[in-house]
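Below is one structure; the comments refer to it alone.
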Amino acid sequence: MGRTKEFDVEQALDAALCVFWRKGYEAASIQDLVEATGVNRASLYATFGHKRNLFLRTLDRFAAGSGNVEHATAGIAPGLARVRAVLELAADQTAHDVRGCLIVNAIVERGAQDPDMQTLGEAARTQLERFFAGCLAEAERQGEIAARRDLLTLARFLTNTLFGLRVTAKTRPGPEVVQAIVDTVLQTVEK
């Protein structure tokens with residue numbers, strides 16, 4: 001009969017997520033993960049296989065929770081208000097959290113050499129494009145933006161802006177700079 005786990009897997013994932021978010025994949029050592037999770041090395045390996053699997057699990061966890069813009073703005077009416085809410089949320093995070101976005105960080109750090117990160121990046125981009133396209137279609141129906149605009153191109157513009165804001169967080173731009181970017185983007189979309 002196998003031994004039962006003597007730690008909470010969800011808590012361990014949350015602690016590992018914080019390590020990867022703060023340090024990145026390459027700089028996070030197994031010892032860092034052991035110390036943060038309070039789980040010994042053997043148990044980490046037995047549960048997650050290796051560091052890469054643990055990293056992938058933390059990315060999934062992040063994407064399902066705080067990294068999901070649909071979830072974060074669920075209570076906001078569809079249309080331009082929801083687009084504004086996403087950009088304002090990203091602006092606040094960018095101005096106050098130097099870590100950026102865990103998923104964007106992973107794509108930037110590992111995307112060139114890791115096919116899983118390339119797939120993750122494509123999925124994140126596609127999901128955001130669809131989200132923004134849906135919001136823009138509703139904004140068009142409500143007369144909030146001009147009809148007959150290329151909504152997919154606008155959605156891609158917003159997605160790129162969101163990714164760019166999260167990378168910009170690393171440069172500590174300050175709230176005024178970030179708000180100016182968001183205001184310009186919104187003016188462009190509202191034309």
Q: With the checklist (1) in contact with a helix residue (DSSP H, G or I) (Cβ under 8 Å, 6 or more places away or on another chain); (2) of a type outside the set (Asp, Glu); (3) surrounded by fewer than 17 Cβ atoms within 10 Å (Cβ to Cβ) in hand, flag the one item residue 61 doesn't pass.
A: (3)
(Q) On the basis of being crowded, with 20+ Cβ neighbours inside 10 Å and under 20 Å from residue 178 (Cα atoms), does residue 98 make the cut? (A) no
Q) Considering only residues of the stretch 148-182 that are touching a Lys or Arg at 6+ places or on another chain (Cβ under 9 Å) and farther than 17 Å from residue 97 by Cβ, which is surrounded by the most Cβ atoms within 10 Å (Cβ to Cβ)? A) 155
(Q) Residues that are of a type outside the set (Ser, Thr, Tyr), closer than 30 Å to residue 140 by Cβ and out of contact with any Asp or Glu (no Cβ under 7 Å at 6 or more places or on another chain): does the stretch 11-26 have at least one? (A) no
Q. How about the stretch 105-115: which of its residues are modelled with pLDDT of 90 or more and either under 11 Å from the mean Cα position of the chain (by Cα) or surrounded by 12 or more Cβ atoms within 10 Å (Cβ to Cβ) (or both)?
A. 105, 106, 107, 108, 109, 110, 114
Q: Evaluate the stretch 130-138: report whether one residue or more is outside any helix (DSSP H, G or I) and either free of Cβ contacts under 8 Å to residues at least 12 places away in the same chain or surrounded by 14 or more Cβ atoms within 10 Å (Cβ to Cβ) (or both).
A: no
Q: Within the stretch 138-191, track down each residue that is on the phi > 0 side of the Ramachandran plot and within 22 Å of the chain's Cα centre (by Cα).
A: 172, 174
Q) Any residue at all in the stretch 81-95 that is touching a Lys or Arg at 6+ places or on another chain (Cβ under 6 Å), surrounded by 18 or more Cβ atoms within 10 Å (Cβ to Cβ), in contact (Cβ under 8 Å) with a residue 60 or more places away in the chain and within 26 Å of residue 56 (Cα to Cα)? A) no
Q: Could you look through the stretch 5-14, keep only residues that are part of a helix (DSSP H, G or I) and not small (Gly, Ala, Ser), and pick out the one that is surrounded by the fewest Cβ atoms within 10 Å (Cβ to Cβ)?
A: 10
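Name the residue, out of 22, 99, that is in contact (Cβ under 8 Å) with a residue 40 or more places away in the chain and in contact with a helix residue (DSSP H, G or I) (Cβ under 6 Å, 6 or more places away or on another chain).
Only one candidate passes the filter, namely 99.
The values are calculated or read from the model by the stated rules, or taken from the named source; none is laboratory data. Since we're looking at a predicted model, the values are computed, not measured. Please note: Cβ atoms are built from the backbone with ideal geometry, for glycine as well, and neighbour counts cover all protein chains shown.
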